[in-house]
Ligand SMILES: [Zn+2]
């Protein structure tokens, strides 16, 4: 009955300091002291799934370089150019809302300008976000239907007509990421916890609800706008 969650959590745990074998991000992972135990978690920096294993000598063996079934989600997002590290998502959403709330007259509301304004803002205020992820973030929003275009056709240079809020962008982001994953994987409600872990920082308010809504979404997956113009 090792798999009983109650028994598992009662095992004496030890916090192990390890490094992601893919990107070398330092991670702290709780691992039971009992020999043979294994735990895994997504690296918040690169999305790799890091597995740590208690050896017979009590040491820690680190494994996992995109080699498990769930790692395929992160790898797919990474390799298809739409990976955004969970730690940046909420910050990106705030910046996206802010830059267009105070947009100057004559600046068209396009995703191309959104990207430009976000990058300028992040760079000028030294916000410490990875600038290369801004494109990925906007591609996911496009796939999630965050922008309403006057004709049905969307794209990076076409002005969109809607305004957005923190909460509407949050839902659109999750919907876009799940739609993207659904182009390759079959996802069910039982995947919601792992998807939360993959996409958002631990403890994000509303994460589970947003992921469940996105999983239930049957909206058409559009690839429009995914290639940057
Ligand atoms: Zn990593």
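Rule-based calculations on the coordinates, nothing more; no lab input. In this text, all values refer to a predicted model and were calculated from it rather than measured experimentally. In this analysis, Cβ positions are derived from the backbone assuming ideal geometry, glycine residues included, and neighbour counts consider all displayed protein chains.
Annotations
- Nearest-0.05 FRET efficiency for residue 161 and residue 30, computed from C-beta distance (R0 41 Å): 0.30
- For region 96-229, alpha-carbon Rg relative to the globular expectation (2.2 N^0.38 Å, N residues): 1.06
- Working ranking of peptides 140-148, 97-105, 158-166, 40-48 by packing, defined as the average number of other Cβ atoms within 10 Å per residue, highest first, is 140-148, 40-48, 158-166, 97-105.
- Relative to the current alpha-carbon distance between residue 40 and residue 56, full extension at 0.36 nm per residue lengthens the span by 3.9 nm.
- Each listed q (0.08, 0.11, 0.15 Å⁻¹) maps to a log10 I(q)/I(0) for the chain, found by the Debye formula over equal Cα scatterers with no solvent: -0.34, -0.61, -1.01.
- Length available on full extension from residue 98 to residue 186: 0.36 nm per residue minus the Cα-Cα distance, which gives 28.2 nm.
- Counted residue by residue at 0.36 nm each, then reduced by the alpha carbon distance between them, the extension gain from residue 151 to residue 208 reaches 17.2 nm.
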